[in-house]
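I have placed the structure first, in the form of structure tokens, so that the comments after it can refer back to it.
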Amino acid sequence: MPVPKVKHVRASVVRGGGGDYHDQADGHWIDDHVASPMARYPEYRASRRAFGIDVLGTLVVEVEADDGTTGFAITTAGEPGAFIVEKHLARFIEGRPITEIERAWDQMYFATQFYGRRGLVVNAISAVDLALWDLLGKWRGEPVHALLGGPVRDELVFYATGARPDLAKQMGFIGGKLPLQHGPAEGEEGLRRNLAKLAEMRSRVGEDFWLMWDCWMSLDLDYATRLAWGAREHRLKWLEECLSPDDYWGQAALRKALPPGMLLTAGEHEATRWGFRLLLEMGCCDIIQPDVNWCGGLTELLRISALADAHGAMMVPHGSGPYSYHVVCTRQNSPFTEIILTAPQADRVQPAFHPLLLDEPVPENGRLKVSALDRPGFGVRLNPDCALHRPYPR
């Protein structure tokens, strides 16, 4: 059977959840006094939306083959990402066989290197790459995990990120990751509140349930070290993304300063094999956490996973729903994974990219059978009730 070629690449934008899970209404835990790099300024401390965390919205990339088969994927890049896809990246995809994913990635990345390398541009590349994998799986009638060599386990095991680890335990998860609320600018009182919150959660979940802290790039080396030692008595499993992603030296120093047995994790806002090579070779963390929608897509995530494996490190992707589930189930160095509880009160499990995707599998009692991922491609559909806007049609 002849291999079809890509006929059209389309980039659209949608608002209200989806790929941009920070694009939420008032009263959502994800925006409720969460520590951030901007919390040093009082006017941006109570809400991350105040400094614009939700300004981009979701980018949806659709790749249509000349036989009518269509793949799609999403990321956080909004209208600027749509411009990059339509005006620059599409030339490396359209007219090419749908199987030329490696070549497409290489050309997209090196053609944008003079203004890209990470951030918005790599987010856009990630969406195109994932859409190509989705298209290939749909054309072949196979799930993406089959294209990667097949699962190494029968089910995925999850921890949950949200403001209520005690509820996460009741829902069957192996652990709960709290958003840190108070950063260095809030002084000793903020530090005490952080530790008091952790102590309260430990009392609610018991001794064996994992508790972690997501620090979202908000700390300095001194504060992070003090926080870690203060958290030691509460059996904190790990501290996550404490410092600026560019401060590899600080992250390496922090890892050495942590109490024995406490882990340091990083990489949610890192990109490409070169960024993760720095994290691993400089000893910046124990677990890397690439987001497949941001780090360069599935093609690059496979390289990152192999790099981590060679360094004896675990790769536990940042919560990215089915786009990471298909990889995690095929990797021995990804023994568990994350779901972000996007319900406003973190009191129920709903699809990671609700309401944008349909047929998205969700864990039950903290687990998901790999057989739930057996539909072609990534196994999800766009919700027709979510209005897409294509700002740069060609």
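Below, the figures for the structure above:
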| quantity | calculated |
| --- | --- |
| Unmet requirement for Glu79, which otherwise passes all of (1) farther than 25 Å from Ile340 by Cα; (2) crowded, with 16+ Cβ neighbours inside 10 Å; (3) of a type in the set (Asp, Glu) | (1) |
| Selection count, segment 227-248, where residues are of a type in the set (A, V, I, L, M) and either more than 20 Å from the chain's Cα centre (by Cα) or farther than 17 Å from Pro290 by Cα (or both) | 4 |
| Among (1) over 28 Å from Val34 (Cα atoms); (2) crowded, with 21+ Cβ neighbours inside 10 Å; (3) over 22 Å from the mean Cα position of the chain (by Cα); (4) in the same structural domain as Ala352 (by TED's automatic domain parsing) - the single one Leu156 does not satisfy | (3) |
| Long-range neighbours under 6 Å by Cβ, at least six apart or interchain, first residue closer than 20 Å to Asp32 by Cα within segment 210-236, second basic (Lys, Arg) | Met212/Lys177; Met212/Lys237; Asp214/Lys177 |
| Ala163 being in contact with a strand residue (DSSP E or B) (Cβ under 8 Å, 6 or more places away or on another chain), over 27 Å from Asp222 (Cβ atoms), assigned by TED's automatic domain parsing to the domain that holds Arg303 and buried (at least 22 other Cβ atoms within 10 Å of the Cβ) | no |
| Number of the exception - Lys138 against (1) in contact with a helix residue (DSSP H, G or I) (Cβ under 9 Å, 6 or more places away or on another chain); (2) part of a helix (DSSP H, G or I) | (1) |
| Evaluation of Glu360 against (1) touching a helix residue (DSSP H, G or I) at 6+ places or on another chain (Cβ under 7 Å); (2) assigned to a loop (DSSP other than H, G, I, E, B); (3) under 23 Å from Leu263 (Cβ atoms) (one fails), failing number | (3) |
| Residue in segment 188-204 that is touching a residue at least 60 places away in the same chain (Cβ under 8 Å) and either among the hydroxyl-bearing types (Ser, Thr, Tyr) or touching a strand residue (DSSP E or B) at 6+ places or on another chain (Cβ under 6 Å) (or both) present | no |
| Residues of segment 11-28 classified as among the aliphatic types (A, V, I, L, M), in contact with a Leu (Cβ under 9 Å, 6 or more places away or on another chain) and either under 15 Å from Asn383 (Cα atoms) or at pLDDT below 90 (or both), total | 2 |
| Residue within segment 160-169 that is among the hydroxyl-bearing types (Ser, Thr, Tyr), within 21 Å of Lys237 (Cβ to Cβ) and under 20 Å from the mean Cα position of the chain (by Cα) present | yes |
| Matching entry among Ser218, Ser244 (being more than 22 Å from Gly312 (Cβ to Cβ), surrounded by fewer than 23 Cβ atoms within 10 Å (Cβ to Cβ) and assigned by TED's automatic domain parsing to the domain that holds Leu301) | Ser244 |
| Check on Asp31, surrounded by 22 or more Cβ atoms within 10 Å (Cβ to Cβ) and modelled with pLDDT under 95 | no |
| Qualifying residue in segment 368-376 (condition: at positive phi and of a type in the set (S, T, N, Q)) | no |
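The values are calculated or read from the model by the stated rules, or taken from the named source; none is laboratory data. If you're wondering where the values come from, they're calculated on a predicted model, not measured in any experiment. Here Cβ is always computed from backbone atoms with ideal geometry, including for glycine, and neighbour counts include all displayed protein chains.
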